[in-house]
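So the structure is just underneath, and the comments pick up after that.
Rule-based calculations on the coordinates, nothing more; no lab input. This structure is a prediction, so every number in the text was calculated from the model and none was measured. All Cβ positions, even for glycine, are placed from backbone atoms using ideal geometry, and neighbour counts span all protein chains on display.
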Amino acid sequence: MMVEQIRTRSLFHLEMELRQAIHLVGDDGATRLIYCSEGGRFEGERLRGRILPVTGDWVNLRDKDMDIDVRVQMETDDGASIFLNYSASQKLEELPTRVLVDGKPRLIGPDQFRVAPTFETSDPRYQWLSRTTVLGIGTRTRRGAICDFVELF
């Protein structure tokens, strides 16, 4: 059986600024970091807008494992409200991995993450997002995170 090649196209680029983390240590010994957003932007051919400051990033660290849970409230430049959510787990000692993005090789290192987000909106202009398979490749930065999202078709 031959597997059809998966094609991608850019959906949007997201840049999010985060405040300094709230640092907690749980009873289970895991370190929890909670980051609140200071805002940001997303830009793509079919949607663009701003990240609202009700956005947050919850990180659990245990041994060499990191789990993230990110919830982003987006507002498009034309007034639509879109909720973006993704979770990811990774080993902090991961070696770089080579992947193809838009047909071009890209090295994904341990400071980067890969996600499969979900979207929710009541705006009929953007409900296609909830039926679209999307992958994101992100990088943590000093001030927050950047992530490129691509649509699979």
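Quick notes on this one:
- Positive minus negative residues near ILE22 (Lys, Arg vs Asp, Glu; Cβ under 13 Å): +1
- Within the shell defined by Cβ-Cβ distances under 13 Å, the residues around LEU33 carry a net charge of +1, with Lys and Arg each +1 and Asp and Glu each -1.
- For region 136-153 versus region 10-40, the gap between their alpha-carbon centres in whole angstrom: 14 Å
- Within-10-Å neighbourhood charge of GLY136 [Cβ basis; K, R +1; D, E -1]: 0
- Under 19 Å from the GLN20 label point (7 Å along Cα→beta-carbon), backbone N, region 59-74: 59
- Gyration tensor (alpha-carbon) shape descriptor, region 1-85, a/c threshold 1.5: oblate
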